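What follows is a set of notes on a single structure, which appears directly below.
Every number here is computed from the coordinates shown, using simple stated rules; none is lab data. Quantities reported herein were computed from a predicted structural model and do not represent experimental measurements. Heads up, the Cβs are rebuilt from the backbone with ideal geometry, glycines too, and the neighbour counts pull from every protein chain shown.
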Amino acid sequence: MIKYYFIMGLMSVAAFQSYSQSNTKLVTGIVKSVDDNNNIEGVRIQVKGRNYSSGTMADGIFYIELLPKDSVLEVSHPGYETKIIKITGESEYYIELPVKAVKEIKVRKSSR
């Protein structure tokens, strides 16, 4: 009887691991600036509709685990335009962010 429960337990663990591995996907990528082609550090990679995110390292590379395969990433950084990326099944993404255009600059004279 103990052998039966042991085998059933192992089968349950194997089934759970198989299910969780089939529904998650590790996505990696690099984020660069469109203007100068430099890697961008500190870019926030947020999975839309989920409570988790990641960020790019100094070399612009990020790693994030997604649920499910058709997830959507919101890629943002101050000073750059936010980009929405639909995950299509690829495991590596090359993302280019354009610099935000400055709409207006106000110069004020100091009254010293």
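Write down the Kirkwood hydrodynamic radius of the stretch 25-97, to one decimal in angstroms, obtained as one divided by the mean of 1/r over all alpha carbon pairs. Write down the numbers at each step before the final one.
On the way: mean 1/r = 0.0831 Å⁻¹.
With all distinct Cα pairs of the stretch 25-97 included, I get 12.0 Å.
Starting from the Cα-Cα distance between LYS83 and LYS109, subtract it from 0.36 nm times their residue separation and give me the gain in nm to one decimal. Intermediate values should be presented prior to the final figure.
On the way: separation 26, 0.36 × 26 = 9.36 nm, distance 3.67 nm.
Length difference between fully extended and current span is 5.7 nm.
Once the piece of chain linking THR24 and GLU41 is laid out straight, how much longer is it, given 0.36 nm per residue of separation minus the C-alpha distance between them?
Computed gain between THR24 and GLU41 is 3.6 nm.
Listed here are the pairs LYS25/LYS83; LYS25/LYS48; LYS83/LYS106; which of them are more than 24 Å apart at the Cα? Mind showing how you got there, number by number?
On the way: LYS25/LYS83 20 Å; LYS25/LYS48 15 Å; LYS83/LYS106 28 Å.
From the list (LYS25/LYS83; LYS25/LYS48; LYS83/LYS106), the Cα-Cα distance tops 24 Å for LYS83/LYS106.
For the stretch 70-109, which trypsin sites (Lys or Arg not before Pro) are both in a DSSP coil and crowded by at most 15 other Cβ atoms within 10 Å?
Details: sites: LYS83, LYS86, LYS100, LYS103, LYS106, ARG108, LYS109; in loops: LYS100, LYS103, LYS106, ARG108, LYS109.
Filter output for the stretch 70-109: LYS100, LYS103, LYS106, ARG108, LYS109.
Need the full-extension length gain, SER76 to ALA101, defined as separation in residues times 0.36 nm minus the C-alpha distance. One decimal, nm. If you can, show how the numbers build up before the last one.
Working: separation 25, 0.36 × 25 = 9.00 nm, distance 1.47 nm.
Working it through step by step, the gained length comes to 7.5 nm.
What are the chymotrypsin sites (Phe, Trp or Tyr not before Pro) within the stretch 24-112 that DSSP puts in a loop, where the Cβ has at most 16 other Cβ atoms within 10 Å? Provide the component values of the computation, followed by the final result.
Numbers: sites: TYR52, PHE62, TYR63, TYR80, TYR93, TYR94; in loops: TYR52.
Those that pass, being in a loop and sparsely packed, are TYR52.
Translational diffusion coefficient, Stokes-Einstein: compute it for the stretch 64-105 using the Kirkwood radius over C-alpha pairs as Rh, at 4 °C and 1.567 mPa s, and state it as an integer in µm² s⁻¹.
Details: Rh = 12.0 Å.
Answer from the Stokes-Einstein relation: 108 µm²/s.
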